[in-house]
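Coordinate-derived values only; no laboratory data. Bear in mind that the values here come from a model prediction, so they are computed numbers and not experimental data. We place every Cβ from the backbone using ideal geometry, glycine too, and count neighbours over all the protein chains shown.
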């Protein structure tokens, strides 16, 4: 799997975390226990750090980057969907960042909040706990469509998937 140091910046990957062989992890990236990073995801911690909390998953095709001023942090037990772009934002615990969404520099997504599929949250955005951000540009409203239990089902399924991939994935040439 492509895991790279950049000068003195080396990824810190917990032994229980799973990084798919086709994911790319560069520089100051910190993966917690049972976190997972899936195919074609790119985590590039070159100007600041990226932290992925325990049990969180970074799904296929997601790009996470940072700036010197704003690290990219995904709290514990959160699900980051397919083809998401996170740039220097702070995502809380038990959050869902749904497929195709964009979350930009300085944004805070509080614990238990949801960013809907395809939503775009511009610089210094804010999604309060219990809210869902929808649209382009994203607007927040009460979240009546997705529960923390729903997020936890996704988190658990990706933890199970990581164990299966760790045990059974083999490359065929």
- prompt: For the range 66-112, what does the alpha-carbon gyration tensor say about shape, rounded, prolate or oblate, given a ≥ b ≥ c as the root eigenvalues, a/c under 1.5 as rounded, and a/b over b/c as prolate?
  reply: oblate
field: Debye log10 I(q)/I(0) for the chain, one point scatterer per Cα, at q = 0.10 Å⁻¹
entry: -0.33
DSSP beta bridges in the chain [antiparallel fraction, %, rounded to 5]: 10 percent
query: Percent relative contact order of the chain, based on C-alpha pairs within less than 8 angstrom and at least six residues apart?
result: 13 percent
- request: When a/c is below 1.5 the answer is rounded, else prolate if a/b is larger than b/c, else oblate, so apply that to the range 31-72 with a ≥ b ≥ c taken from the square roots of the Cα gyration tensor eigenvalues.
  value: oblate
task: Could you check the simple spin-label distance between residue 160 and residue 40, using points 7 Å along Cα→Cβ, in nm with one decimal?
output: 2.5 nm
- request: Find how many whole Å separate the alpha carbon centroid of the range 34-59 from the alpha carbon centroid of the range 82-130.
  value: 15 Å
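Taking a ≥ b ≥ c as the square roots of the Cα gyration tensor eigenvalues, with a/c under 1.5 meaning rounded and otherwise prolate when a/b beats b/c, else oblate, which class fits the range 1-81?
Numbers: a/c = 1.42, a/b = 1.23, b/c = 1.15.
Since a/c stays below 1.5, the shape of the range 1-81 is classed as rounded.
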query: Residues of the range 88-123 with amide nitrogen under 19 Å from the 7 Å Cα-to-Cβ point of residue 129?
result: 90-97, 107-115
